[in-house]
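I have placed the structure first, in the form of structure tokens, so that the comments after it can refer back to it.
The values are calculated or read from the model by the stated rules, or taken from the named source; none is laboratory data. In this text the structure is predicted, and so the values were computed from the model without any measurement. Heads up, the Cβs are rebuilt from the backbone with ideal geometry, glycines too, and the neighbour counts pull from every protein chain shown. Just the protein is used for accessible areas: all its heavy atoms, side chains included, with ligands, DNA and RNA removed. Shrake-Rupley method; radii C 1.70, N 1.55, O 1.52, S 1.80 Å.
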Amino acid sequence: MLSVPEIYQRLFERYGQQHWWPAESAYEMLVGAVLTQNTHWRNVEKALGNLGNQLKPQVISAMPHNQLANLLRPSGYYNQKAERLRLLSQWFIRYDCDVNAIRRIDGALLRHNLLSLKGVGRETADCMLVYAFDKPFFIIDTYTRRLFSRIGYDVPESYEHFRLLIEQQLPPSVELYNEYHALIVALGKEHCAAKPCCSGCPLERDCHKTHLNTLNG
């Protein structure tokens, strides 16, 4: 079975550097992390486009709920997301919108603070920590669970357990965790979807799912 570092190397050789997360500022990244919950990125881009030059924490925190929700409509669950963005923006303003000040906070404490915000779960918090605040927490999403399960790993149900198992096999590097997550997403979109397209996958010859398909075919 491929090791965690070997999977990364195989994916990097195929896809190269992903330059993810696409955002012009840390705050835009935070907003995108909330908007991408339960939707596709193309819908997030539409919502971000609707916000335009209003994509500022002071503006969003003060915007009437209905106006903000309407702008976020393309991302789905727009009423929930409007409320969550307002709370997130208020939290960001409490630090004077100073990203460097937030980055100086201990990673575990910062993670705890993010998880205390309504609508910010573990996956969303870890995305924010890696992509906005340069803290090394491995991101566990649906693509990650699917990939490691198909490769042959016994994937724990617990998010924290699975995250720590992966982190134990990698150096605590923000750059590595950033790139690894982006590469897994790239693989998930091209090959390792819910209905897999195994032909040409860079992990095909080592994937249990492929072998099962061959035996059953």
> Using a Cα distance threshold of under 17 Å, what count of lysine pairs results for the chain when pairs must be 8 or more residues apart or interchain?
Replying inline: 6
>> Per q in 0.15, 0.29 Å⁻¹, report the Debye log10 I(q)/I(0) for the range 134-195, using one uniform scatterer on each alpha carbon and no solvent.
In response: -0.43, -1.34
> Per 5 Å bin, what percent of the C-alpha pairs of the range 54-172 does each bin hold, from zero upward?
Replying inline: 2, 10, 17, 19, 16, 14, 11, 6, 3, 1
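Counting only other residues whose beta carbon sits under 11 Å from that of residue 15, what net charge do I get with K and R as +1, D and E as -1?
For residues surrounding residue 15, the net value is 0.
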> All other residues with a Cβ under 14 Å from the Cβ of residue 40 taken together, and with Lys, Arg as +1 and Asp, Glu as -1, what is their net charge?
Replying inline: +1
> Distance in nm between label sites at residue 73 and residue 94, each 7 Å beyond Cα in the beta-carbon direction?
Replying inline: 3.3 nm
>> Can you compute the modelled spin-label distance between residue 14 and residue 208, with each label point 7 Å from Cα toward Cβ, in nm?
In response: 1.8 nm
>> Quick check: pseudo-label points 7 Å beyond the Cα along Cα→Cβ at residue 80 and residue 158, how many nm apart are they?
In response: 2.6 nm
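Using only the Cα atoms, what convex hull volume per residue in Å³ does the chain have?
So the per-residue hull volume is 126 Å³.
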> Where in the range 55-95 are there trypsin sites (Lys or Arg not before Pro) that are in a DSSP coil and have at most 10 other Cβ atoms within 10 angstrom of their Cβ?
Replying inline: none
>> Which log10 I(q)/I(0) values does the range 107-217 give at q = 0.11, 0.19, 0.21 Å⁻¹ under the Debye formula, counting every alpha carbon as one identical point scatterer?
In response: -0.39, -1.00, -1.15
>> Once you keep just the Cα pairs under 8 angstrom separated by 6 or more residues, what percentage relative contact order results for the range 94-217?
In response: 22 percent
> Can you give the net charge of the other residues whose Cβ lies under 12 Å from the Cβ of residue 207, counting K and R as +1 and D and E as -1?
Replying inline: +3
> Could you give the accessible area per residue of the chain, probe 1.4 Å, as a whole number in Å²?
Replying inline: 50 Å²
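Given charges of +1 on the Cβ of Lys and Arg and -1 on the Cβ of Asp and Glu, with all other atoms neutral, how large is the dipole of the chain about its Cα centre, in debye to the nearest 20?
660 debye
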>> Could you work out the relative contact order of the chain? I mean the mean sequence separation of Cα pairs under 8 Å and 6+ apart, divided by the number of residues, in percent.
In response: 24 percent
>> Only Cα pairs within less than 10 Å get springs; with that Gaussian network setup on the chain, which residue of 29, 63, 128 has the largest fluctuation?
In response: 63
> Between residue 66 and residue 173, what FRET efficiency comes out of the Förster formula 1/(1 + (r/R0)^6) with R0 = 35 Å and r the beta carbon distance, rounded to 0.05?
Replying inline: 0.20
>> Once each part is reduced to its C-alpha centroid, what is the distance from the range 97-119 to the range 1-51 in angstrom?
In response: 20 Å
>> Run through the range 108-171 and list the GluC sites (Glu not before Pro) located in a DSSP loop whose Cβ has at most 11 other Cβ atoms within 10 Å.
In response: 157
>> Would you report the distance distribution of C-alpha pairs in the range 1-67 as whole percents per 10 angstrom bin, up to the bin with the largest distance?
In response: 16, 37, 25, 13, 8, 0
> How many percent of Cα pairs in the range 25-113 exceed 19 Å?
Replying inline: 36 percent
> How much mean residue ellipticity at 222 nm does the chain get from its helices, if each DSSP H run of length 4 or more adds -39500 (n - 2.57) and you divide by all residues, to the nearest 500 deg cm²/dmol?
Replying inline: -18000 deg cm²/dmol
> Where the accessible area of the chain is counted over protein heavy atoms with a 1.4 Å probe, how much of it, in %, is carbon and sulfur?
Replying inline: 49 percent
